[in-house]
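What follows is one structure encoded as structure tokens, with my remarks underneath.
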Amino acid sequence: MLIHLSSWPEIDARLKEARTVVVPIGSNEQHGPTGLLGTDWMCPEIIAHAAHRADDSLIVAPTFNIGMAQHHLAFAGTISLRPSTFMAAITDWISSLSRHGFERIYFLNGHGGNCATIDATFAEIHAEWSFVEEQPPFVLKMSNWWDLPGIHSLCSSIFPVGHGMHATPSEIAVTQAAYPDHIKTADYSPKIAPVGPIRDALDYRARFPDGRIGSDPAQASPEKGQKIIDASVKALLEDVAAFSAEVRPGV
Ligand code: NI
């Protein structure tokens, strides 16, 4: 069930049997000269929606498509929230879903730059409940799609060299499989991009002039992307089932 294609009575009825929701979360930011700006929100959305097609009992929230991408702001098309704004927005999403009765909220993340802020948001929320000696009415989880069981090793076996950290061939391949009409090419120079620390936007642009970090996205193909999507769907469904079945001590 996709929340944005459902009516409120449908969600209301579904909540009588299911209390878990998956929220794809990512970022709209540059992904090198050929990667789509939406790559980091599209990948978790592509995987979550494919998982929903495989098992329509899975409830998927609208995609949270703007994240913490300040370091990419020197590239056109990037849109970023500062960490404090992002934390406030995630908190309100969680409060809204919890208010309706969702008890297990699973964020499927597609942007490494979001991790610290999502973790800090969870810690802030948990602190509120800890200070009043109460247990929250929900359990929160974040998983990066590439950290789903088996996916990291699959991506390393498909791309043993030049996977890198940003505008990776695996994420580009996933978007190519889902949006084959939007595949772009370029002569990458150097073939494998440099690596280094991530700081502010101007420092990033100076270190990584075309936007990539350590990657060679020319290796991506829709076929490879489909393989990654299929494996990720299976892994996500298993991970969500385990999360839903997790026993909460003291509740
Ligand atoms: Ni990315």
(request) Assuming a ≥ b ≥ c are the square roots of the Cα gyration tensor eigenvalues, decide whether region 134-230 counts as rounded (a/c under 1.5), prolate (otherwise, with a/b larger than b/c) or oblate. (result) oblate
(request) Before rounding to the nearest 500, sum -39500 (n - 2.57) across all DSSP H runs of length at least 4 in the chain and divide by the residue total; then give [θ] at 222 nm in deg cm²/dmol. (result) -13500 deg cm²/dmol
(message) Just want the ordering: LYS191, LYS16, from fewest to most Cβ atoms lying within 10 Å of their own Cβ.
(response) LYS16, LYS191
(message) I'd like the distance separating the alpha-carbon centroids of region 85-114 and region 185-251, in whole Å.
(response) 20 Å
(request) In nm, give the distance between the simple-model label positions of ALA123 and THR85, each being 7 Å from the Cα along the Cα-to-Cβ direction. (result) 2.3 nm
(message) Among the listed pairs LYS141/LYS234; LYS184/LYS234; LYS191/LYS224, which have their C-alpha atoms separated by more than 21 angstrom in this model?
(response) LYS184/LYS234
(request) Could you please tell me the mean projected area of the C-alpha convex hull for region 195-251, averaged over all directions and given in square nanometres to one decimal? (result) 7.5 nm²
(request) Pairs of Cα atoms under 8 Å, at least six residues apart: use those to get the relative contact order of the chain, whole percent. (result) 23 percent
(request) For the chain, give the share of DSSP beta bridges that are antiparallel, in percent and rounded to the nearest 5; count only bridges with both residues there. (result) 15 percent
(message) Under a crude label model (7 Å from the Cα following the beta-carbon direction), how far is GLU10 from THR185 in nanometres?
(response) 4.1 nm
(request) Let me know the whole percent of all Cα-Cα pairs from the chain that are separated by more than 31 Å. (result) 25 percent
(message) At a 10 Å Cβ-Cβ cut-off, how would you order CYS155, CYS115, fewest neighbours first?
(response) CYS115, CYS155
(message) Can you return the aspartates and glutamates within cross-link range of LYS227? Criterion is Cα-Cα under 15 Å, with same-chain partners fewer than 8 residues away left out.
(response) GLU171
(request) Would you mind ranking TRP129, TRP8, TRP146 by Cβ crowding within 10 Å, fewest neighbours first? (result) TRP8, TRP129, TRP146
(message) Using the basic label-point model (7 angstrom from Cα toward the beta carbon), what is the ALA76 to VAL132 distance in nanometres?
(response) 4.9 nm
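Just so you know, all these numbers are worked out from the coordinates, no wet-lab data involved. Owing to the predicted nature of the structure, the values given are computational and were not obtained by experimental measurement. Cβ atoms come from the backbone with ideal geometry, glycine included; neighbour counts cover every protein chain shown.
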